[in-house]
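The values are calculated or read from the model by the stated rules, or taken from the named source; none is laboratory data. Since we're looking at a predicted model, the values are computed, not measured. Note that each Cβ is placed from the backbone with ideal geometry, even for glycine, and that neighbours are counted across all protein chains shown. These accessible areas exclude ligands, DNA and RNA; they are computed on the full protein's heavy atoms, side chains included. Shrake-Rupley method; radii C 1.70, N 1.55, O 1.52, S 1.80 Å.
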Amino acid sequence: MDGTKVDVKKSGDSLSKVPNKKRKTGPWRDVWQRLKKNKMAMFGLVVIGLLVFAALFAEQIAPYGFDDQNLQDRLLSPNSQYLLGTDNFGRDIFSRIIFGARISLQVGFIAVGISAIVGGAFGAIAGYYGGKLDNFIMRVMDVLLAIPGILLAISIVAALGPGLVNVMIAVGIGSVPQYARIVRASILSIRDQEFVEAARAVGANDFRIIMKHIIPNSLAPIIVQATLGVASAILSAAGLSFIGLGIQPPTPEWGAMLSTGRDYLRDHWHVATFPGLAIMITIFGLNLLGDGLRDALDPRLKN
Amino acid sequence: MHKYIFKRIIMLIPVILGVSFIVFTLMYLTPGDPARIMLGESAPEEDVIRLQEEMGLNDPFLVQYGRYVRDAVVYQDLGRSYTSNRPVFTEIITRFPATFKLAATGVAVAIAVGIPTGIISATKQYSLFDSVSMVAALIGVSMPNFWQGLMMILLFSVNLGWFPSSGYNTVSHMILPAITIGTSSAAIITRMTRSSMLEVIRQDYIRTARAKGQNETIITLKHALKNALIPVVTVIGLQFGYLLGGAVLTESIFSIPGVGRLMVDSIKSRDFPVVQGGVLFIAITFTIVNLFVDILYAFLDPRIKSQYQ
């Protein structure tokens, strides 16, 4: 980003004056400018920022540890000492939600990382080489798509056993086909363009062409999909934990906390209510950001 | 058109085989010895070994898979449940109606809410109604449906006492589950209807209809909606398939004895044949629903239909 300070000050109209050598930062700054104007997207960004902050500094923010049991204070309603009340072991729900942000964001980002890398690689290979290999890879993806995501995740978890890492893998594998399709489609539209041909002409090998020229040019749809993907990964993981097949207690996972709260629903509403709200706010923020990114990355699509 | 449908049905076969392979492999990799599970922890070792031999558990993986496919295709036999000893197919098919009913009522709720909201939002773009319903739709897709279900039980069953919190036999039993499972679909259908309507409304033939003095309501409901609904129908079909598979959580919350709950229970009791059969069954249903949607799409949109004649 060096050398762009002057342009930032002048903001808006400076983009047209950016000389050729700054082209590399141009498009992304353009996207950021558009995103900044979208209030909903910025709200989403702030929500996600706060959550990331909470996750990183959970020890400092949370008034109690996630596993501190105060058995004399079991199932207390929200009060000044326990902001969101306590659960059946007298653990502070607010603290557990803060620590839970760490778990959920981890699951979301790593699961999406798995599906984007694996799916992206398959999609890149299929799109770039075409022919029989393409056909084979995409038919396998069709098969994976034929199993509804949550069901596939459930069967994978059944095979691997419950637990944090296995949930990430299970949820990640479920959305591999989506990334494969997106990357393949953008590669098909880029593969035959002149700059790729030029790269090949100067002797770049396939790997370099894919990594240096094709992937950066197909990033936009991947970023949008990944943002929304983190949201659905968090939802799936929480769902798995809710039915007892995901992350196990005492880990403060939001879905697992909800599952506990369910047993006390009739008399202690707060135990189930707040973890669910936390999930909803997270997903809401990610969806806002994802929608905003889609509009900012491709203004033509905006309605 | 027949050729197209025929071709699509033929294409189902490799997909279903692929699904069965994946599911079989997953269950094969699952730790735990089926013979031991069937006989219980206290059974003598020689009985377990004899049963392993009988069930062919010592055969190579591909032989076992081949046998599974042969039994499924030739005898419609997906094996027997380890716990109830009843045929897996019977176990699934007796529970399928509940799942189907849940998904169907969920989609009905989603259509009833989504399409009118989407139409009004599009015709009054940027109005208060539009903004509110778009935010509501975003909340709808962001809300975990298992949490929404619990909150509705809390409000409508526990506090207000309007609806029962579990069961599925009567209309009042179905209201909360249908809303729970249908909310995110309603949101998706709303957004799809809105954006599709907005696209159609801008087209020339709509301007022509307006220019000749056609009544605005008729333009919206007759001229525009007809074309705008084509992509919406696809989304509805996909949602239906998706809800069939995603009914697991809703069934668990409202104690509905459907396929989803059967599978969760079976995973917990390590009843692999049932899990295997259940995933296979839902995946096949899902694929058939999708195929049906594609064919319907071709019928609704003559431009697509003409490609196959």
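Numbers for the structure displayed
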quantity: Positive-end residue of B:A283, B:T217, B:A228, charge dipole of the range B:208-303 with Cβ unit charges; calculated: B:T217
quantity: Listed pairs B:K101/B:K268; A:K132/B:K268; B:K3/B:K212; A:K212/B:K3; B:K3/B:K226 exceeding 32 Å between Cα atoms; calculated: A:K132/B:K268; B:K3/B:K212; A:K212/B:K3
quantity: Inter-probe distance in nm under a simple model that places probes 7 Å from Cα toward Cβ, at B:R36 and B:N85; calculated: 2.2 nm
quantity: Phi to ³J(HN,Hα) by Karplus 6.51 cos²θ - 1.76 cosθ + 1.60 over the range A:182-190, Hz, x for Gly, Pro; calculated: 4, 5, 4, 4, 6, 5, 4, 7, 9
quantity: Percent RCO, i.e. relative contact order, over the range B:2-88, from Cα pairs under 8 Å lying at least 6 residues apart; calculated: 20 percent
quantity: Qualifying chymotrypsin sites (Phe, Trp or Tyr not before Pro) in the range B:97-175, DSSP loop, other Cβ atoms within 10 Å at most 16; calculated: B:Y126, B:W162
quantity: Calculated over the protein assembly as shown: convex hull of Cα atoms, volume per residue (Å³); calculated: 215 Å³
quantity: Cα gyration tensor, the range B:95-306 - rounded (a/c under 1.5), prolate or oblate; calculated: oblate
quantity: Qualifying chymotrypsin sites (Phe, Trp or Tyr not before Pro) for the range B:1-30 [loop in DSSP, other Cβ within 10 Å: at most 16]; calculated: none
quantity: q = 0.17 Å⁻¹: log10 I(q)/I(0) that the Debye formula gives for the range B:43-169, counting C-alpha atoms only; calculated: -1.03
quantity: The range B:137-210: trypsin sites (Lys or Arg not before Pro) falling in loop per DSSP and having at most 13 other Cβ within 10 Å; calculated: B:R202
quantity: Using alpha-carbon coordinates, inclination of helix B:259-268 to the longest axis of chain B, degrees; calculated: 40 degrees
quantity: Relative contact order of chain B, defined on C-alpha pairs under 8 angstrom at six or more residues apart (%); calculated: 25 percent
quantity: Assigned charges on the beta-carbon of Lys, Arg, Asp, Glu; the range B:2-88 dipole about Cα centre (debye); calculated: 880 debye
quantity: FRET E, pair B:W162, A:E194, Förster distance 56 Å, beta-carbon r, rounded to 0.05; calculated: 0.30
quantity: Value at 222 nm in deg cm²/dmol, rounded to 500, when DSSP H runs of n ≥ 4 in chain A each add -39,500 (n - 2.57); calculated: -22000 deg cm²/dmol
quantity: Shape metrics for the range B:2-88, restricted to C-alpha atoms - Rg then Dmax, Å; calculated: 16.4, 59
quantity: Heavy-atom accessible area per residue - the range B:95-306, 1.4 Å, Å²; calculated: 41 Å²
quantity: Rounded to the nearest 20 debye, dipole of chain B from Cβ charges on Lys, Arg, Asp, Glu; calculated: 1740 debye
quantity: Estimated FRET transfer efficiency (B:V135, B:N169; beta-carbon r; R0 35 Å; 0.05); calculated: 0.45
quantity: Relative contact order, percent, chain A [alpha-carbon distance under 8 Å, six or more residues apart]; calculated: 23 percent
quantity: Degrees separating the helix B:2-29 axis from the principal Cα axis of chain B, which is the longest one; calculated: 40 degrees
quantity: Mean projected area (nm²) of the alpha-carbon convex hull when the range A:192-303 is viewed from all directions; calculated: 10.7 nm²
quantity: In order through the range B:169-183: 3J(HN,Hα) via Karplus (6.51 cos²θ - 1.76 cosθ + 1.60), integer Hz, x for Gly, Pro; calculated: 7, 10, 4, 5, 5, 7, 4, 5, x, 5, 5, 4, 6, x, 4
quantity: Calculated FRET efficiency for the pair B:D294/B:K226, C-beta based, R₀ 22 Å, to 0.05; calculated: 0.65
quantity: B:N215-A:L83 pseudo-label distance in nm [points 7 Å out on the Cα-to-Cβ vector]; calculated: 5.7 nm
quantity: Where B meets A: accessible area buried, both sides, 1.4 Å probe, Å²; calculated: 3800 Å²
quantity: On Cα atoms only, tilt of B:272-300 relative to the major axis of chain B in degrees; calculated: 30 degrees
quantity: Label point distance in nm, A:D30-B:Y75, each placed 7 Å from Cα along Cα→Cβ; calculated: 6.5 nm
quantity: Placed amide H near B:R80: partners under 5 Å, 5+ positions off or other chain; calculated: B:V88
quantity: Extension reserve of the B:S255-B:A108 stretch, reckoned as 0.36 nm per residue once the Cα distance is removed; calculated: 50.8 nm
